[in-house]
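Please read the structure below before turning to the comments.
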Amino acid sequence: MSVKESEKPNTQDQDSERDLNQEEQETEDELRKEMERVRKDEKSVRHYQNFLIRLVVLLLVLWVLFFKVIGLSHVPNGDMYPRLDAGDFLLFYRLDRDVRSQDVVLLEKVTPDSNGKKELYCGRVVAVAGDTVDISDSERLIVNGNQVIESNIFYNTPRYEGFTEYPLTLGPGQCFVLVDRREGGSDSRYYGPVEKDEIVGTVISFIRRTNM
């Protein structure tokens, strides 16, 4: 064999090497694609986990807000008319039970006719702990010896004979509640002073019920 013949490249070896390189490239491409898929899957899992965490936090905040801080109820009757009417929705604040005069509150009270069961009432605070409440013969509200001018009340305030006795001095943690529709309404003239732990919450807003 001549020298020139021995120096000729081996075509078969070159083809084999080219095939090997091609296989290695294909393997690398497959590995790269697989890694991209894994990264996408991991990213999707992280997004899903983040979504679940946000959802749990949101539900927890809503639970705390609407079961511990804010409440939603309804006006139980027409005793607060015309400001509030039966069936109107009430948004109330649960945490602050240190009420002030003119606050509208929701309360649960055992009454002389409730057979020992608490009933829901809505009314306006007119006197707080330490105040002395009386009702005059002319059916006017008297607090600490002074007649209260109530420009937003359109009814007289009669006594209910046989229930609350006057003058009445409120003890610690007590308040005196009257409804806006004074003639025949159920309030402290009927069920007596309201204790602090009987207050469900202070009304902060309402939604008027409409007849549909």
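Computed from the coordinates by the stated procedures, all read-outs in this text should not be read as laboratory data. What you see is a predicted model, and the numbers here were worked out from it, not measured in a lab. Glycine also receives a Cβ, built like all others from the backbone with ideal geometry; neighbour counts cover every protein chain displayed.
Arrange the following residues from fewest to most other Cβ atoms within 10 Å of their Cβ: PHE206, PHE89, PHE67. Write down the numbers at each step before the final one.
On the way: PHE206 20, PHE89 14, PHE67 10.
Starting with the residue having the fewest Cβ neighbours, the order is PHE67, PHE89, PHE206.
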Quick P(r) readout (the chain; Cα-Cα; 5 Å bins; whole %) gives 1, 6, 11, 12, 12, 9, 6, 4, 3, 3, 3, 3, 3, 3, 2, 2, 2, 2, 2, 2, 2, 2, 2, 1, 1, 1, 0, 0, 0
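Which value in deg cm²/dmol, rounded to the nearest 500, describes the helix-derived mean residue ellipticity at 222 nm for the chain, given -39,500 (n - 2.57) per DSSP H run of n ≥ 4 and division by the residue count? Numbers along the way, then the final one.
On the way: 3 runs with 62 residues, N = 212.
The per-residue figure over the chain is -10000 deg cm²/dmol.
Pairs of alpha-carbon atoms within less than 8 angstrom and 6+ residues apart define the contacts here; what relative contact order does region 61-212 have, in percent?
Reported relative contact order: 30 percent.
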What is the Cα centroid distance between region 71-143 and region 166-181, reported in whole angstrom?
10 Å
Can you put LEU52, LEU120, LEU84 in order of Cβ neighbours within 10 angstrom, beginning with the fewest?
LEU52, LEU120, LEU84
If we count other beta carbons within 10 Å of each Cβ, what is the order of SER138, SER186, fewest first?
SER138, SER186
So which trypsin sites (Lys or Arg not before Pro) in region 109-188 are both in a DSSP loop and have at most 13 other Cβ atoms within 10 Å of their Cβ?
LYS117
